[in-house]
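Notes to accompany the following structure.
The values are calculated or read from the model by the stated rules, or taken from the named source; none is laboratory data. This structure is a prediction, so every number in the text was calculated from the model and none was measured. Here the Cβ positions follow ideal geometry from the backbone for every residue, glycine too, while neighbour counts run over all protein chains shown. Surface accessibility is based on the protein's heavy atoms, side chains included, excluding ligands, DNA and RNA. Shrake-Rupley method; radii C 1.70, N 1.55, O 1.52, S 1.80 Å.
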Amino acid sequence: MAKDKFIGEYGINASKKMLYPYISTASGLSQWFADDVNIDEDKVYTFIWDGDENKAKMVNSRANSHVKFEFIDPEDDDPSFIEFRIEMNELTQETFIRITDYSDIDHEESEELYAGLIHDLKEIVGG
């Protein structure tokens, strides 16, 4: 199946420092992004959605800025990934999250999925 690259930007009323744990830690991600998230001793993240486990490595991160997870699939030479970036519009001082999702989920489904997930995150952080 062909992969699609979805990029969405969502304004959120919270500081970078407050948001970062929600995109970078297992406990933070399990509050809004997945049903559950675990990390093993090799720093492999296991994301659980509807009982299905998906393993990923954090391949890039910068405190209070961004994280990128690359999903592990030995049979796929074009790995899926998800990247969360927390950015600030210097003019308006608005904080927003830019999500880049490269996977086999189609664009429309990704739009609906992330709109719901970001709504959940906003409720958690009060933003």
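Here is how the numbers come out for the structure above:
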read-out	value
Average accessible surface area per residue within the chain, 1.4 Å rolling probe, Å²	59 Å²
Positive-end extreme of charge dipole, the chain - chosen from 81, 61, 14 (charges on Cβ)	14
³J(HN,Hα), Karplus 6.51/-1.76/1.60, whole Hz, each residue of the stretch 6-11, x for Gly, Pro	9, 10, x, 10, 9, x
Members of 55/122; 3/55; 16/55; 5/68; 5/43; 5/55 lying beyond 23 Å, as alpha-carbon distances in this model show	55/122; 16/55; 5/43
Residue-averaged [θ]222 nm for the chain, counting only DSSP H segments that reach four residues, each worth -39500 (n - 2.57)	-8500 deg cm²/dmol
Gaussian network model of the chain, springs between alpha carbon atoms under 10 Å - residue of 83, 109, 75 with greatest fluctuation	75
Relative contact order, percent, the chain [alpha-carbon distance under 8 Å, six or more residues apart]	32 percent
Computed over the stretch 46-121: relative contact order in percent, which uses C-alpha pairs under 8 Å that are six or more apart	17 percent
Option label - Cα extents along the principal axes in Å computed here, alternatives (i) 40, 32, 25; (ii) 45, 33, 25; (iii) 59, 32, 22	(ii)
In nm, spacing of pseudo-spin labels at residue 41 and residue 113 (7 Å Cα→C-beta vector)	3.2 nm
Using alpha-carbon coordinates, inclination of helix 107-125 to the longest axis of the chain, degrees	50 degrees
Accessible surface of the stretch 33-109 [probe 1.4 Å, protein heavy atoms]: carbon and sulfur percent	41 percent
